[in-house]
1. Taking the Cβ of each residue in 145, 2 as the centre, tally the other Cβ atoms inside 10 Å and list the residues starting with the fewest.
2. Evaluate E = 1/(1 + (r/R0)^6) for residue 142 and residue 23, where r is the Cβ-Cβ distance and R0 equals 41 Å; express this FRET efficiency to the nearest 0.05.
3. For the pair residue 157 and residue 1, how long in nm is the line joining their label points, each one 7 Å along Cα→Cβ?
4. Rounded to a whole number of µm²/s, how large is the Stokes-Einstein D of the chain at 10 °C and 1.306 mPa s, given Rh as the Kirkwood radius over C-alpha pairs?
5. Using only the alpha-carbon atoms, how far is helix 162-176 inclined from the longest principal axis of the chain? Give it as 0 to 90 degrees, nearest 10.
6. For the pair residue 93 and residue 124, what calculated FRET efficiency results from E = 1/(1 + (r/R0)^6), where r is the Cβ-Cβ distance and R0 = 25 Å, to the nearest 0.05?
7. Please give the helix 103-114 orientation as an angle from the longest Cα principal axis of the chain, in degrees from 0 to 90, rounded to the nearest 10.
8. Given contacts defined as C-alpha pairs under 8 Å and at least six residues apart, what's the relative contact order of the chain, whole-number percent?
């Protein structure tokens, strides 16, 4: 529950299958443009099995956690069998590094972590979202940033503050390859009791 979101142990949300009756496509081949055939086809159900996960009836908050490693070496492909392409890529990325740098890219990564974009439709359905990002060094949290979804737009990268700037600077260090960056992201989305 939202009030207990600081508790360390959370039960896993179980994924289960459910059957649904989907809509059927009414697109007919050119030779089947007979309205009688159209009416006949929509009478047949389009049965499907889908995965679904819901919160328990007495729980209102979804907790999602993952780690994110920021790798340096942009422009150096890990596998490439065309040297002309590799040289061109290295040249373009080198030019980008010298002209623009990784500051804006790092700020956009940081903004998307802060606004909870990774929650997809769970973010849209949530009443509240809190995101905590922790920098990990040798398995220990060394720096932490807390973000509230309401402070960061999904449609703009204009919002900036000290926390966001500090996280962006950390991500930039990783992108440039000048430091090892491993982040732990923990998000809490208040969905409502028993919600999908």
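1. Values: 145 19, 2 14.
Listing 145, 2 from fewest to most nearby Cβ atoms yields 2, 145.
2. Numbers: r = 52 Å, r/R0 = 1.26.
Step by step, r from the Cβ atoms, then E = 0.20.
3. Once both label points are built, they end up 4.1 nm from each other.
4. Values: Rh = 20.7 Å.
Answer, rounded: 77 µm²/s.
5. The helix 162-176 is inclined about 80 degrees to the chain.
6. Numbers: r = 35 Å, r/R0 = 1.39.
Computed FRET efficiency for residue 124 and residue 93 comes out at 0.10.
7. 50 degrees
8. Values: 301 pairs, mean separation 61.8, N = 196.
Value for the chain: 32 percent.
Values quoted throughout were computed directly from the atomic coordinates according to the rules given, and no laboratory measurement underlies them. All values reported here derive from a predicted model rather than from experimental measurement. Cβ sites come from the backbone with ideal geometry, for glycine too, and all protein chains shown count toward neighbours.
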